[in-house]
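Beneath this line is the structure, given in structure tokens, with notes to follow.
Taken together, the values in this text are just the output of simple stated rules run on the coordinates, not laboratory data. Quick caveat, the model's predicted, so the values are computed rather than measured. All Cβ positions, even for glycine, are placed from backbone atoms using ideal geometry, and neighbour counts span all protein chains on display.
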Amino acid sequence: MYLKDLLKLLDDYKTENFENVDITGISYNSLTTKKGDIFICIRGEASDGHKYAQSAVDKGASALFCEEKLNINVPQIIVNDTKRTMANIAAAFYSEPSKDINLIGVTGTNGKTTVTHLIQRILEENNEKCALIGTLGYKLSSSDEYKEAKHTTPQPPELQRDLRLMADSGINNVVMEVSSHSLEQKRVGCCQFNGAVFTNLTQDHLDYHITMHNYFKAKAMLFEMLKEGDFAVINADDEYAKDFLNIIPKGVRTYTYGVKNKADIKAENIDFSIDGAKLTVEFNTGKENLNLHLNGMFSVYNALAAFTAGLAMGIDYKTIIKALENTKSVAGRFEIVSKKPLVIVDYAHTPDGLENVLKAARELTPQTSKLICLFGCGGDRDATKRPKMGKIADNLSDKVVVTSDNPRSEDPQLIISDIMTGIKTVDTKRIFVEPDRRRAIQFLKTISNPEDVIVIAGKGHEDYQILKNETIHFDDREEARKVFVELGGRV
């Protein structure tokens, strides 16, 4: 593709040293730039791509997109916002793949991963091909292996490349987790969504968004992108439900789901056991029983979100129920790794997420047994949620082990100190601190009995731990199995 062809999607730009060069790729990282790439200078939180433009050119970049004129003798396209421009360019370079597929976006603080997986299963049960993009990577079908992703929602060049790959592979549906960062940073610009699902909005990422209102506005962008004939699915029980309903464009088909408030699709008669959740789903044509292998009230909401999306796409309710009932689990989401004691690994890393998981675990804890929670908080992230999570763990658990998560550049002891400020009384018989996460998991065997329930929260599916100077292999599920399965705990 020639540079002139990419400029057709841009409204406002200036050129410097213009030459209609051939473009063979898109880069925003000078370390991975190849000959024939255009290099897009992105101003980020920690670095400025303009400083690396010369390095990119030295590696073969044939043109630059930048926000200021640079003293470099290659074609330069000067724009006001390179982030927005990158989305436009990537879509054009890959021939706007989202126009060729049914693209469904799922956004919210918690539940995105599970809901996307459930929607994928529903579409496949309906004999349709469906790919998935999200926190765990991307996969072309539910039986496919994950391909690694660096972000919940990829950057535009990778996103548009993957969407083109999926469309060219004959896949006509893609369900995608859409993070608030990706919306704020315009990563999904030029994507044409046919539907959007909202799970919930609770505290997270305030280190980036600063206020909950800003966080809401970022999430709302997904729904503002919808057009007449598309569909929106909203959690009626969330306190931001009305705010989302108010910003949905005219002509968009809107559906609500919930447990407490009036909704189009509603769950009742909910019952939990170690095998999952049983409930009755009420919708426009009647009521049907649903037996989930997934557990906890949050799983009920996730299933309702997917159920509603399926109905919005015109899929028969019997097909939807079959798909949901056949779904066993999602990696790192309330994943059971031992049954005696019952050890649950979950990705919960927000106050709301931790509260939901502990409440679900309490439902499975015998009255004569203990609920034990092990968790930490990530470094270089929203510090205000740390004492809140400490308070939640203290209030909802019988015993708490505070440890390290992904400390990144922060001192793990200082993160733990922040958590401990939320714990009312440091009772040494029930509150324990062990900064080394491996030793903390091993310590669980000394404070638990076979009938107890243990929640290991925070990292879920992750198989790494990010330390100050390195990233090491670490998987909560592996570590828990070493301790409890070797002791005779059943999986």
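Could you give the length gained on full extension between N269 and T32, defined as 0.36 nm per residue of separation minus the Cα-Cα distance, in nm?
79.9 nm
Grab the beta carbon distance between N449 and S417, set R0 = 35 Å, and tell me the FRET efficiency rounded to 0.05.
0.70
Name the cysteines of the chain that stand alone by the Cβ rule: no other cysteine Cβ under 4.7 angstrom.
Isolated Cys, the chain: C130, C190, C191, C373, C377.
Which links in K340/K385; K339/K399; K69/K217 stretch past 28 Å when you go from one Cα to the other?
Beyond 28 Å between Cα atoms: K340/K385; K69/K217.
Report the Cα centroid-to-centroid distance between region 103-143 and region 382-417 in angstrom, as an integer.
Centre-to-centre distance over Cα atoms comes out at 31 Å.
What distance in nm lies between label points placed 7 Å from Cα along the C-beta direction at S95 and T428?
Placing both labels 7 Å along Cα→Cβ, they lie 7.0 nm apart.
Going 7 Å from the Cα of R408 along its beta-carbon direction, which residues of region 325-347 have the amide nitrogen within less than 19 Å of the resulting point?
347
What is the Cα centroid distance between region 328-349 and region 21-40, reported in whole angstrom?
42 Å
Would you mind pulling out the separation of the Cα centroids of region 241-274 and region 421-476, in Å?
35 Å
Between S169 and N261, what is the spin-label point distance in nm, taking each point 7 Å from the Cα along the Cα→C-beta axis?
Placing both labels 7 Å beyond Cα along the Cβ direction yields 3.8 nm.
Between the DSSP loop rule and a limit of at most 16 other Cβ atoms within 10 Å, which GluC sites (Glu not before Pro) in region 441-491 are left?
Those satisfying the criteria are E451, E470, E486.
Determine the relative contact order of region 179-319: mean sequence separation of Cα pairs under 8 Å and six or more apart, normalised by residue count, in whole percent.
On the way: 227 pairs, mean separation 25.5, N = 141.
The normalised contact order for region 179-319 reaches 18 percent.
At 222 nm, what value in deg cm²/dmol follows for the chain if DSSP H runs of at least 4 each add -39500 (n - 2.57) and the sum is divided by all its residues, to the nearest 500?
-9000 deg cm²/dmol
Please compute the contact order of the chain in relative form: average sequence separation of alpha-carbon pairs under 8 Å and at least six residues apart, divided by the residue count, as a percent.
Contact order relative to length: 10 percent.
Are there trypsin sites (Lys or Arg not before Pro) in region 322-370 that DSSP puts in a loop and that have at most 14 other Cβ atoms within 10 Å, and which ones?
Here the trypsin sites (Lys or Arg not before Pro) that fit, given the DSSP loop and packing criteria, are K328.
For region 335-484, what does the alpha-carbon gyration tensor say about shape, rounded, prolate or oblate, given a ≥ b ≥ c as the root eigenvalues, a/c under 1.5 as rounded, and a/b over b/c as prolate?
oblate
Taking 7 Å along the Cα-to-C-beta vector as the label spot, tell me the R362-E45 distance in nanometres, rounded to one decimal.
3.2 nm
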